[in-house]
Amino acid sequence: MTHPRFKRILLKLSGEVLMGSSGLSIDPDVIARVAAEIADVKAQGYELCVVVGGGNIFRGISGAARGMDRATGDYMGMLATVMNALAVQNALEQIGVETRVQSAIPMASVCEPFIRRRAERHLEKGRIVIFAAGVGSPFFTTDSGAALRAAEMKCDALFKGTSVDGVYDADPKLEPNAKRFDTVSYSTVLGQDLKVMDASAIALCRDNNIPIVVFNIRESGNLAAVLRGDGVSTTVQHSIGD
């Protein structure tokens with residue numbers, strides 16, 4: 001029996017992934033499918049943390065573009081991530097998976113505050129920990145929050161579930177001849193501004209040697225396949241000589 005390359009992972013989901021094609025901010029069918037994929041991976045023995053964005057509900061940066069104070073907009077976006085985290089928690093617990101939601105913004109009536117040692121204990125007990133509200137401060141994205149939590153929880157990798165099957169040298173939706181990377185270095189991603197995650201998140205993963213695996217979460221069964229090494233994805237990691 002071969003040992004898995006990764007044991008503890010942080011799964012970063014964009015808020016838009018929860019929308020599906022129904023137009024609803026949170027599509028029950030989509031979130032149920034994603035929860036089933038997470039539960040399947042959990043059953044295989046992986047330890048999982050989850051971070052969900054809030055873009056399906058509100059983005060602070062888009063609010064700022066319409067004249068809203070950026071800090072206020074970012075706080076609204078953080079609250080949106082709490083809503084998504086609770087939705088993911090509900091979907092997982094409906095299929096028998098024990099979870100805990102921890103928020104960087106304390107709201108004791110809704111979920112736990114983020115406490116690293118408590119989160120570690122939850123993982124040791126076999127629970128999935130869902131981190132909400134980013135880093136708890138404006139001007140940081142949920143990408144930065146995911147990278148920070150991955151470092152704090154000593155995750156072996158950060159898996160980013162998106163609508164594309166990896167990292168390309170151009171937008172594949174606009175450039176049909178765009179080339180997908182199997183692996184790419186942190187320095188290339190930063191130098192060419194490849195839009196994998198924001199620069200602070202990439203730098204934090206680089207400095208803590210946390211690979212970033214980008215894959216298409218909309219494809220059924222893809223999370224487990226990528227973890228096995230069978231699915232299509234791109235790994236962002238140190239290159240030789242970095």
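The values are calculated or read from the model by the stated rules, or taken from the named source; none is laboratory data. Treat the numbers as computed from the prediction; the structure is a model and nothing was measured. No Cβ is skipped: glycine too gets one built from the backbone with ideal geometry, and neighbour counts run over all protein chains shown. Ligands, DNA and RNA are excluded from the accessible area calculation, which covers all protein heavy atoms including side chains. Shrake-Rupley method; radii C 1.70, N 1.55, O 1.52, S 1.80 Å.
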| field | Single residue of segment 100-127 satisfying the filter (open to solvent by 60 Å² or more (accessible area, probe 1.4 Å) and not in a helix (DSSP H, G or I)) that is nearest to Leu11 (Cα to Cα) | value | Arg100
| Filter segment 155-189 for residues that are part of a strand (DSSP E or B) and of a type in the set (Phe, Trp, Tyr); which is surrounded by the most Cβ atoms within 10 Å (Cβ to Cβ)? | Phe159
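For every residue, the table says whether it meets (1) under 16 Å from Tyr46 (Cβ atoms); (2) touching a Lys or Arg at 6+ places or on another chain (Cβ under 8 Å).
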site: Gly161; (1), (2): yes, yes
site: Asp169; (1), (2): no, yes
site: Asn177; (1), (2): no, no
site: Thr188; (1), (2): no, no
| request: Select the helices (runs of 4 or more DSSP H) contained entirely in segment 1-99, then report the ones holding at least 1 residues which are touching a residue at least 24 places away in the same chain (Cβ under 8 Å) and surrounded by fewer than 18 Cβ atoms within 10 Å (Cβ to Cβ). | output: 28-43, 70-94
| remark: Note on segment 200-215: residues touching a helix residue (DSSP H, G or I) at 6+ places or on another chain (Cβ under 6 Å) and either more than 22 Å from Gly145 (Cα to Cα) or open to solvent by 20 Å² or more (accessible area, probe 1.4 Å) (or both) are Ser200, Leu204, Arg206, Asn208
| task | Looking only at segment 216-242, count how many residues are assigned to a helix (DSSP H, G or I) and open to solvent by 60 Å² or more (accessible area, probe 1.4 Å). | result | 1
| message | Given the criteria assigned to a strand (DSSP E or B) and open to solvent by less than 20 Å² (accessible area, probe 1.4 Å), does Val196 qualify? | response | no
